[in-house]
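Chemist: Below you will find the structure I want to go over with you.
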Amino acid sequence: MNKLYVGNLSPSVTVEDLQQLFEEKQLPVAEQVLLKSGYAFVDFPDQNSAIKAIENLSGKVELHGKVIEVDYSVPKRLRSRKIQIRNIPPHLQWEVLDGLLAQYGTVDNVEQVNTDTETAVVNVTYATKDEAKVAIEKLTGHQFDNYSLKVSYIMDMDAAPPVQAPRARRGGRSSRDYGAPQPGPSGSYSSPRPRQQDFPLRILVPTQFVGAIIGKEGLTIKNVTKQTQSKVDIHRKENAGAAEKPITIHSTPEGCSSACRMILDIMQKEANETKTNEEIPLKILAHNSLVGRLIGKEGRNLKKIEEETGTKITISSLQDLTICNPERTITVKGSLEACCKAEVEIMKKLKEAYENDIAAINQQANLIPGLNLNALGIFSSGLPVLPPAAGSRGAVPPMPPAGYNPFLSHSSHLSGLYGVPPTSAIPHQHSQQAPEQEVVYLFIPTQAVGALIGKKGQHIKQLAHFAGASIKIAPAESPDVTERMVIITGTPEAQFKAQGRIFGKLKEENFFSAKEEVKLETHIKVPSSAAGRVIGKGGKTVNELQNLTSAEVIVPRDQIPDENDEVFVKISGHFFASQTAQRKIREIIQQVKQQEQKHQQGPPESPHHSK
């Protein structure tokens, strides 16, 4: 991944010339430089520095009278399905990029790379080698708002011949241990701490206080980390000229709160000494997908926190979200003591929402046989990229998974709430039969129909192509209806992808307010013979279903079965709740069908009566 090809070199260029050039451009000293006649291969320590070298050098620097070319060095056998796209406008919506990528084939995975550049960088995995090749040809030089896209192959280790991994030393630690603290371009100060990654606290601080927080030779921040047993990343090199800088604190909830209190105290003392009498609020960063549950229905959760802590809490607008910024700012105003109390309650709610999503998605991996979570691609800002399944059985992890990208990185330009899992982490169940097609009826606000269809039907076509599903909007039954029915036909995985995008689109287009979580009603048909099993004796099954999924599940009584002897089940809830309920109900239907088939076949013939 981090080996670069440097081409168009003058024969007089030396290794020392290249190393001096890297130093002048403030690039890390290359680990290895292999100079040939007219070109060189250079190993960089990490992907971020490799990207920086390509962006700063290729076509821009003259060495001994020749303008050099720099790109990834990828052997032909490893040029397969994976490409990297750079120079993406930072304000570009994910959905627009998604639509563009889908034009050239099926996208298995998109992962944003954290960099120091103002523009965004993504690594894209297509379903086939040919699709990746077409994408490189078509996307190179593609213009987006005066930004010209740059595209390269990156190494596809899946295409390499299998290599037996060396046996790890007993008690040793794998070099691919993503839970390990990773060095980055920002200041990072840590004290000894357990390997476990807890749910981190991210705060914004005024840039003028960063120096005071770090202290002379880093003594102040070292004292904070030592006293609170935390790891504190100060992202001071990001967003040059910005009025505020993000700080990420890794520790237990108590450790995060203690470090936050000390940082607030340092800023207040600095403000007093510099006679800056303005009130310094606490600003917490949280991924947009978690904020709705922090706010609560009609803002009840926030109101309760405000009343109990004596603070005033506001949340930044959805309009501020972009491809590089899926986080919203929670601003807490009040006394130091009050702000610290509010921080504890806010983080409790955010962590609870995060863990619920982890649990729901891990259930999802088990409930849809063969579901490839990688293939879900990028959700719009209202929904996160999915976290890794925990182990082969999809058990809910006791802690955030190691792939939980944003807080292990050193950038406020986040790659989505959750890291993208390797395909091997997902339990695939191979079947000889193609997955069964399902029909789901999803109800959306009438005013959202235009946004879902898009200009000349472009959006709904792209969505159907991405999900691999048929998506149709039923005609309105009358001019004044408040909801329209969207009919989605496809496999379980296609349903997951299509419905996820629709939920995300409604949030992104503000059809639900900042204080509301997107909750939609979904209808699925079940055989009338299975309706009783969905309800259960005395309503036991449906009640358990609601408790498990957090969705409202209703089997309307006195329904007359249709011509296929089927009745409707109504499901209402946020995306993950609705999906889990759908899968559980499909499971019940499958069980009923299997029992009916066994009953029709009758008991197996006794061997005593066989001829």
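The values are calculated or read from the model by the stated rules, or taken from the named source; none is laboratory data. Please read these numbers as outputs of a predicted model, since none were measured by experiment. Cβ: placed from backbone, ideal geometry, glycine included. Neighbour counts: every protein chain shown. Areas reflect the complete protein model, heavy atoms only, side chains present, ligands, DNA and RNA absent. Shrake-Rupley method; radii C 1.70, N 1.55, O 1.52, S 1.80 Å.
Chemist: Scan the range 149-167 for residues that are at pLDDT 90 or above and either open to solvent by 30 Å² or more (accessible area, probe 1.4 Å) or in a strand (DSSP E or B) (or both) and jot them down.
Modeler: Answer for the range 149-167, where residues must be at pLDDT 90 or above and either open to solvent by 30 Å² or more (accessible area, probe 1.4 Å) or in a strand (DSSP E or B) (or both): Lys150, Val151, Ser152, Tyr153.
Chemist: Condition (residue is under 19 Å from the mean Cα position of the chain (by Cα), modelled with pLDDT of 90 or more and over 25 Å from Asn288 (Cβ atoms)) applied to the range 48-60: is it met by at least one residue?
Modeler: Looking through the range 48-60, none of the residues is under 19 Å from the mean Cα position of the chain (by Cα), modelled with pLDDT of 90 or more and over 25 Å from Asn288 (Cβ atoms).
Chemist: Next up: Inside the range 506-544, can you point out the residues that are within 17 Å of Gln582 (Cβ to Cβ) and under 27 Å from the mean Cα position of the chain (by Cα)?
Modeler: Those that are within 17 Å of Gln582 (Cβ to Cβ) and under 27 Å from the mean Cα position of the chain (by Cα): Val518, Lys519, Leu520, Glu521, Thr522.
Chemist: Working only within the range 568-591, note down all residues that are among the hydrophobic types (A, V, I, L, M, F, W, C) and surrounded by fewer than 18 Cβ atoms within 10 Å (Cβ to Cβ).
Modeler: Matches in the range 568-591: Phe568 only.
Chemist: Does Ala259 qualify as being in a loop (DSSP other than H, G, I, E, B), more than 19 Å from Thr314 (Cα to Cα) and either of a type outside the set (D, E, K, R) or touching a strand residue (DSSP E or B) at 6+ places or on another chain (Cβ under 9 Å) (or both)?
Modeler: So Ala259 does not fit the description; no.
Chemist: Further, regarding this structure: Looking only at the range 270-286, how many residues end up being surrounded by 12 or more Cβ atoms within 10 Å (Cβ to Cβ) and either modelled with pLDDT of 85 or more or in the same structural domain as His574 (by the TED database) (or both)?
Modeler: Qualifying residue count for the region: 9.
Chemist: Collect the residues in the range 28-46 that are at pLDDT 85 or above and under 15 Å from Val70 (Cα atoms), keeping them in residue-number order.
Modeler: If the condition is that a residue be at pLDDT 85 or above and under 15 Å from Val70 (Cα atoms), then Val33, Leu34, Leu35, Lys36, Gly38, Tyr39, Ala40, Phe41, Val42, Asp43, Phe44 are the ones that fit.
Chemist: Next question. Filter the range 19-56 down to the residues that are touching a residue at least 40 places away in the same chain (Cβ under 8 Å) and over 22 Å from Ala120 (Cα atoms), then identify the one that is most open to solvent (accessible area, probe 1.4 Å).
Modeler: Asp43
Chemist: Could you grab the pairs with beta carbons closer than 7 Å, sequence gap of 6+ or different chains, first residue in the range 99-110 and over 14 Å from Asn123 (Cα atoms), second one assigned to a helix (DSSP H, G or I) and open to solvent by less than 20 Å² (accessible area, probe 1.4 Å)?
Modeler: Filtered contacts from the range 99-110: Tyr104/Ala135; Gly105/Ala135.
Chemist: Restricted to the range 130-148, and to residues that are farther than 10 Å from Gly105 by Cβ and in contact (Cβ under 8 Å) with a residue 12 or more places away in the chain, which residue is most open to solvent (accessible area, probe 1.4 Å)?
Modeler: Per the stated criteria, the residue is Lys138.
Chemist: Out of the residues in the range 445-503 that are hydrophobic (A, V, I, L, M, F, W, C) and farther than 25 Å from Leu97 by Cβ, state the one that is surrounded by the most Cβ atoms within 10 Å (Cβ to Cβ).
Modeler: Per the stated criteria, the residue is Met485.
Chemist: Taking the range 525-559 as the region of interest, how many residues are out of contact with any strand residue (DSSP E or B) (no Cβ under 8 Å at 6 or more places or on another chain) and not polar (S, T, N, Q)?
Modeler: Result for the range 525-559: 13.
Chemist: Exactly one of these conditions fails for Val440: (1) outside any helix (DSSP H, G or I); (2) without any contact (Cβ under 8 Å) to a residue 24 or more places away in the chain; (3) not small (Gly, Ala, Ser). Give me its number.
Modeler: (2)
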